[in-house]
Amino acid sequence: MKKLLVLAIALCVSIAAIAQPKVIAHRGFHATDGSCRNSIAALQKAQELGLYGSECDINLTKDGKIVVAHGSMHPDKSVYKDKGIKRVEIQKSKLAKIREIPLENGEQMPLLEEYLSQTQKDPYTKLIIEIKSHATPALETKIVKQTVKLVAKYGLQERVEYIAFRPWVCFELKRLAPKNTPIAYLNGDYKPEYVKGMGISGIDYKYDVLKKHPKWIKQCHKLGLTVNVWTVNDEEALRWVIEQGVDYITTDNPILAKKLIAEMCTK
Ligand code: MG
(Lines give C-alpha, C1' and ligand atoms only; values in the text may rest on other atoms or scores of the structure.)
Protein backbone atom coordinates (compact mmCIF):
# COMPACT_ATOMS: atom_id res chain seq x y z
CA MET A 1 0.00 0.00 0.00
CA LYS A 2 2.80 2.38 0.99
CA LYS A 3 4.66 1.47 -2.18
CA LEU A 4 1.58 2.25 -4.23
CA LEU A 5 1.24 5.62 -2.56
CA VAL A 6 4.88 6.45 -3.30
CA LEU A 7 4.36 5.39 -6.90
CA ALA A 8 1.20 7.52 -7.20
CA ILE A 9 3.01 10.57 -5.79
CA ALA A 10 5.97 10.00 -8.14
CA LEU A 11 3.57 9.77 -11.08
CA CYS A 12 1.83 13.01 -10.09
CA VAL A 13 5.18 14.77 -9.75
CA SER A 14 6.36 13.51 -13.14
CA ILE A 15 3.12 14.54 -14.85
CA ALA A 16 3.14 17.91 -13.09
CA ALA A 17 6.61 18.50 -14.54
CA ILE A 18 5.42 18.28 -18.15
CA ALA A 19 5.93 21.57 -19.98
CA GLN A 20 2.95 23.11 -21.73
CA PRO A 21 2.89 22.47 -25.45
CA LYS A 22 1.65 25.28 -27.65
CA VAL A 23 -1.65 24.70 -29.44
CA ILE A 24 -2.00 25.38 -33.15
CA ALA A 25 -5.41 25.24 -34.84
CA HIS A 26 -5.10 23.09 -37.96
CA ARG A 27 -6.36 25.23 -40.88
CA GLY A 28 -7.68 27.65 -38.25
CA PHE A 29 -10.39 26.91 -35.71
CA HIS A 30 -12.84 25.51 -38.24
CA ALA A 31 -15.01 23.09 -36.24
CA THR A 32 -17.35 25.78 -35.00
CA ASP A 33 -20.36 27.79 -36.25
CA GLY A 34 -19.74 30.08 -39.18
CA SER A 35 -16.25 28.76 -39.76
CA CYS A 36 -14.56 26.41 -42.21
CA ARG A 37 -11.02 25.29 -42.98
CA ASN A 38 -8.63 27.99 -44.19
CA SER A 39 -11.25 30.75 -43.96
CA ILE A 40 -10.74 34.20 -42.43
CA ALA A 41 -13.37 33.20 -39.85
CA ALA A 42 -11.24 30.19 -38.85
CA LEU A 43 -8.25 32.46 -38.19
CA GLN A 44 -10.41 34.94 -36.30
CA LYS A 45 -11.85 32.17 -34.12
CA ALA A 46 -8.37 30.82 -33.36
CA GLN A 47 -7.45 34.35 -32.29
CA GLU A 48 -10.57 34.56 -30.09
CA LEU A 49 -9.52 31.33 -28.36
CA GLY A 50 -6.13 32.90 -27.61
CA LEU A 51 -4.28 30.04 -29.27
CA TYR A 52 -0.54 30.15 -29.81
CA GLY A 53 -1.00 29.65 -33.52
CA SER A 54 -3.36 29.21 -36.44
CA GLU A 55 -2.12 27.10 -39.32
CA CYS A 56 -3.03 27.69 -42.97
CA ASP A 57 -2.04 26.30 -46.37
CA ILE A 58 -0.97 28.42 -49.30
CA ASN A 59 -0.81 27.85 -53.03
CA LEU A 60 0.21 29.92 -56.03
CA THR A 61 -2.49 30.35 -58.67
CA LYS A 62 -1.81 30.25 -62.42
CA ASP A 63 -1.84 34.06 -62.48
CA GLY A 64 0.69 34.31 -59.65
CA LYS A 65 -1.59 35.13 -56.71
CA ILE A 66 -1.13 33.44 -53.33
CA VAL A 67 -4.34 31.96 -51.97
CA VAL A 68 -5.07 30.34 -48.63
CA ALA A 69 -6.35 26.89 -49.55
CA HIS A 70 -5.34 23.33 -49.00
CA GLY A 71 -5.53 22.27 -52.63
CA SER A 72 -4.78 20.74 -54.93
CA MET A 73 -8.47 21.04 -55.90
CA HIS A 74 -11.07 23.57 -54.84
CA PRO A 75 -13.39 22.69 -53.25
CA ASP A 76 -11.35 20.24 -51.22
CA LYS A 77 -12.58 16.66 -51.67
CA SER A 78 -13.15 16.27 -47.93
CA VAL A 79 -15.72 19.03 -48.12
CA TYR A 80 -17.58 18.86 -51.39
CA LYS A 81 -17.71 15.11 -51.93
CA ASP A 82 -20.71 14.11 -54.05
CA LYS A 83 -22.14 17.59 -54.19
CA GLY A 84 -21.93 17.80 -57.96
CA ILE A 85 -19.94 21.02 -58.04
CA LYS A 86 -17.32 21.38 -60.76
CA ARG A 87 -13.95 21.57 -59.07
CA VAL A 88 -10.91 23.58 -60.15
CA GLU A 89 -7.23 22.81 -59.81
CA ILE A 90 -5.86 25.72 -57.80
CA GLN A 91 -2.30 25.87 -59.17
CA LYS A 92 -3.56 25.58 -62.75
CA SER A 93 -6.42 28.13 -62.52
CA LYS A 94 -6.69 31.89 -62.34
CA LEU A 95 -7.80 33.57 -59.13
CA ALA A 96 -11.09 34.90 -60.55
CA LYS A 97 -12.15 31.45 -61.67
CA ILE A 98 -11.22 29.86 -58.34
CA ARG A 99 -13.12 32.52 -56.45
CA GLU A 100 -16.33 31.82 -58.37
CA ILE A 101 -16.76 28.91 -55.96
CA PRO A 102 -17.29 30.09 -52.38
CA LEU A 103 -15.99 28.38 -49.29
CA GLU A 104 -18.35 26.30 -47.17
CA ASN A 105 -19.14 29.22 -44.88
CA GLY A 106 -19.92 31.54 -47.80
CA GLU A 107 -16.60 33.44 -47.73
CA GLN A 108 -14.59 33.77 -50.89
CA MET A 109 -11.22 32.04 -50.86
CA PRO A 110 -8.82 34.37 -49.00
CA LEU A 111 -5.66 35.78 -50.49
CA LEU A 112 -2.57 35.46 -48.30
CA GLU A 113 -2.63 39.28 -48.00
CA GLU A 114 -6.11 39.14 -46.49
CA TYR A 115 -4.94 36.50 -44.05
CA LEU A 116 -1.94 38.61 -43.04
CA SER A 117 -4.21 41.60 -42.54
CA GLN A 118 -6.39 39.52 -40.18
CA THR A 119 -3.23 38.27 -38.38
CA GLN A 120 -2.28 41.89 -37.70
CA LYS A 121 -5.58 42.53 -35.91
CA ASP A 122 -4.65 40.32 -32.96
CA PRO A 123 -1.43 40.89 -31.01
CA TYR A 124 -0.89 37.29 -29.94
CA THR A 125 -1.86 34.39 -32.21
CA LYS A 126 0.88 33.51 -34.69
CA LEU A 127 0.27 32.45 -38.25
CA ILE A 128 1.80 29.10 -39.16
CA ILE A 129 2.06 29.09 -42.93
CA GLU A 130 2.33 25.78 -44.76
CA ILE A 131 3.76 26.36 -48.21
CA LYS A 132 2.37 23.57 -50.38
CA SER A 133 4.43 21.64 -52.89
CA HIS A 134 4.32 22.96 -56.48
CA ALA A 135 5.11 21.52 -59.91
CA THR A 136 8.68 22.84 -60.09
CA PRO A 137 11.36 24.20 -57.75
CA ALA A 138 11.12 27.50 -59.66
CA LEU A 139 7.46 27.86 -58.70
CA GLU A 140 8.28 26.98 -55.12
CA THR A 141 11.00 29.64 -55.04
CA LYS A 142 8.48 32.10 -56.49
CA ILE A 143 5.88 31.47 -53.78
CA VAL A 144 8.52 31.56 -51.03
CA LYS A 145 9.88 34.91 -52.33
CA GLN A 146 6.43 36.47 -52.60
CA THR A 147 5.36 35.17 -49.19
CA VAL A 148 8.46 36.43 -47.37
CA LYS A 149 7.99 39.82 -49.05
CA LEU A 150 4.32 40.05 -48.06
CA VAL A 151 5.00 39.02 -44.47
CA ALA A 152 7.58 41.84 -44.28
CA LYS A 153 5.13 44.29 -45.88
CA TYR A 154 2.66 43.56 -43.07
CA GLY A 155 5.40 43.76 -40.42
CA LEU A 156 4.71 40.21 -39.29
CA GLN A 157 8.20 38.70 -39.40
CA GLU A 158 8.06 37.91 -35.69
CA ARG A 159 4.53 36.52 -35.91
CA VAL A 160 4.88 34.03 -38.76
CA GLU A 161 6.35 30.52 -38.73
CA TYR A 162 6.69 28.21 -41.72
CA ILE A 163 6.18 24.52 -42.42
CA ALA A 164 6.62 22.52 -45.63
CA PHE A 165 6.77 18.98 -47.00
CA ARG A 166 9.46 19.78 -49.57
CA PRO A 167 13.09 20.13 -48.46
CA TRP A 168 13.54 22.63 -51.31
CA VAL A 169 10.85 24.89 -49.82
CA CYS A 170 12.56 24.66 -46.42
CA PHE A 171 15.91 25.61 -47.94
CA GLU A 172 14.44 28.55 -49.85
CA LEU A 173 12.71 29.75 -46.69
CA LYS A 174 15.99 29.51 -44.82
CA ARG A 175 17.72 31.48 -47.55
CA LEU A 176 15.08 34.18 -47.93
CA ALA A 177 13.26 34.62 -44.59
CA PRO A 178 14.84 36.63 -41.76
CA LYS A 179 17.44 34.76 -39.70
CA ASN A 180 15.95 32.62 -36.91
CA THR A 181 12.50 32.42 -38.49
CA PRO A 182 11.02 29.08 -37.35
CA ILE A 183 10.90 26.57 -40.23
CA ALA A 184 9.78 22.97 -39.67
CA TYR A 185 9.85 19.98 -41.99
CA LEU A 186 6.62 18.00 -42.40
CA ASN A 187 7.31 14.90 -44.39
CA GLY A 188 8.26 12.55 -41.55
CA ASP A 189 10.96 10.69 -43.45
CA TYR A 190 14.11 12.27 -42.02
CA LYS A 191 15.69 11.46 -38.69
CA PRO A 192 16.38 14.32 -36.27
CA GLU A 193 20.09 14.53 -37.11
CA TYR A 194 19.31 14.96 -40.81
CA VAL A 195 16.82 17.74 -40.11
CA LYS A 196 19.41 19.39 -37.88
CA GLY A 197 21.82 19.22 -40.79
CA MET A 198 19.27 20.98 -43.00
CA GLY A 199 19.75 24.02 -40.77
CA ILE A 200 16.07 24.50 -40.00
CA SER A 201 14.43 24.79 -36.60
CA GLY A 202 12.41 21.62 -36.17
CA ILE A 203 10.22 18.75 -37.23
CA ASP A 204 6.45 18.84 -37.68
CA TYR A 205 5.60 15.16 -38.12
CA LYS A 206 2.43 13.16 -38.38
CA TYR A 207 1.21 11.56 -35.14
CA ASP A 208 1.73 8.04 -36.55
CA VAL A 209 5.38 8.81 -37.27
CA LEU A 210 6.07 9.96 -33.71
CA LYS A 211 4.19 6.95 -32.33
CA LYS A 212 6.54 4.76 -34.34
CA HIS A 213 9.64 6.76 -33.36
CA PRO A 214 8.96 8.24 -29.92
CA LYS A 215 12.72 8.54 -29.29
CA TRP A 216 12.91 11.19 -32.01
CA ILE A 217 11.23 13.66 -29.65
CA LYS A 218 14.05 13.62 -27.09
CA GLN A 219 16.65 13.38 -29.84
CA CYS A 220 15.26 16.56 -31.41
CA HIS A 221 15.37 18.35 -28.09
CA LYS A 222 18.99 17.31 -27.54
CA LEU A 223 19.84 18.72 -30.95
CA GLY A 224 17.98 21.96 -30.22
CA LEU A 225 15.16 21.18 -32.65
CA THR A 226 11.49 21.84 -31.88
CA VAL A 227 8.84 19.13 -32.21
CA ASN A 228 5.38 19.77 -33.64
CA VAL A 229 2.87 17.00 -34.38
CA TRP A 230 -0.18 16.83 -36.66
CA THR A 231 -3.13 16.34 -36.60
CA VAL A 232 -3.94 15.20 -33.08
CA ASN A 233 -7.62 15.28 -32.32
CA ASP A 234 -8.79 12.59 -29.89
CA GLU A 235 -8.21 12.51 -26.17
CA GLU A 236 -5.99 9.43 -26.02
CA ALA A 237 -3.66 10.72 -28.71
CA LEU A 238 -3.60 14.21 -27.22
CA ARG A 239 -2.69 12.81 -23.79
CA TRP A 240 0.12 10.79 -25.35
CA VAL A 241 1.73 13.70 -27.19
CA ILE A 242 1.44 15.93 -24.10
CA GLU A 243 3.15 13.25 -21.97
CA GLN A 244 5.91 12.90 -24.57
CA GLY A 245 6.75 16.57 -24.16
CA VAL A 246 6.22 17.83 -27.70
CA ASP A 247 6.55 21.59 -28.14
CA TYR A 248 3.55 22.18 -30.40
CA ILE A 249 0.32 20.30 -31.10
CA THR A 250 -1.52 20.92 -34.35
CA THR A 251 -5.16 19.94 -33.92
CA ASP A 252 -8.68 20.24 -35.26
CA ASN A 253 -9.82 20.17 -31.64
CA PRO A 254 -8.04 23.09 -29.92
CA ILE A 255 -10.57 23.36 -27.09
CA LEU A 256 -9.94 19.77 -25.95
CA ALA A 257 -6.18 20.22 -26.37
CA LYS A 258 -6.23 23.32 -24.16
CA LYS A 259 -8.34 21.59 -21.54
CA LEU A 260 -6.02 18.57 -21.33
CA ILE A 261 -2.91 20.74 -21.20
CA ALA A 262 -4.40 22.77 -18.33
CA GLU A 263 -5.14 19.51 -16.53
CA MET A 264 -1.83 17.76 -17.17
CA CYS A 265 0.86 20.42 -17.26
CA THR A 266 2.51 23.01 -15.10
CA LYS A 267 2.61 26.58 -16.38
MG1 MG B 1 -1.56 22.23 -43.64
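Here the Kirkwood formula puts the hydrodynamic radius of the range 20-264 at 18.2 Å, using every distinct Cα pair. Using a cutoff of 8 angstrom between alpha carbon atoms and counting only pairs six or more residues apart, the relative contact order for the chain works out to 21 percent. Please give the net charge around Arg159, taking every other residue with its beta carbon less than 12 angstrom from that of Arg159, where Lys and Arg add +1 and Asp and Glu add -1. That works out to -1. Taking all protein chains together and rolling a 1.4 Å probe, Phe171 ends up with roughly 90 Å² accessible.
Any idea what the relative contact order of the range 55-212 is, in percent, if you count C-alpha pairs under 8 Å spaced at least 6 apart? Normalised by residue count, the contact order of the range 55-212 is 18 percent. On a per residue basis, the chain carries 51 Å² of accessible surface, using protein heavy atoms and a 1.4 Å probe. Which pairs break 29 Å Cα to Cα here: Lys86/Lys174; Lys211/Lys258; Lys121/Lys145; Lys145/Lys259; Lys65/Lys212? From Lys86/Lys174; Lys211/Lys258; Lys121/Lys145; Lys145/Lys259; Lys65/Lys212, over 29 Å: Lys86/Lys174; Lys145/Lys259; Lys65/Lys212. Among 42-54, 175-187, 230-242, sorting by the average number of other beta carbon atoms lying within 10 angstrom of each residue, highest first, gives 42-54, 230-242, 175-187. Over the chain, dividing the summed -39,500 (n - 2.57) contributions of all DSSP H runs of at least 4 residues by the number of residues returns a 222 nm mean residue ellipticity of -12000 deg cm²/dmol. For the range 101-145, with all protein chains present and a 1.4 Å probe, just round the carbon and sulfur fraction of the accessible area to a whole percent. After summing per-atom areas, the C and S share lands at 55 percent.
Less than 15 Å apart at the alpha-carbon level, and either on another chain or at least 8 residues along: which aspartates and glutamates does that give for Lys149? Candidates past the 8-residue exclusion: Glu113, Glu114, Glu140, Glu158, Glu161, Glu172.
Listed by chain and number, the lysines placed with their C-alpha closer than 22 angstrom to that of Lys215 are Lys22, Lys191, Lys196, Lys206; residues fewer than eight positions away on the same chain are left out.
The values are calculated or read from the model by the stated rules, or taken from the named source; none is laboratory data. Not measured: the values here are computed from a predicted model. Glycine gets a Cβ as well: all are built from the backbone with ideal geometry, and neighbour counts include every protein chain shown. Ligands, DNA and RNA are excluded from the accessible area calculation, which covers all protein heavy atoms including side chains. Shrake-Rupley method; radii C 1.70, N 1.55, O 1.52, S 1.80 Å.
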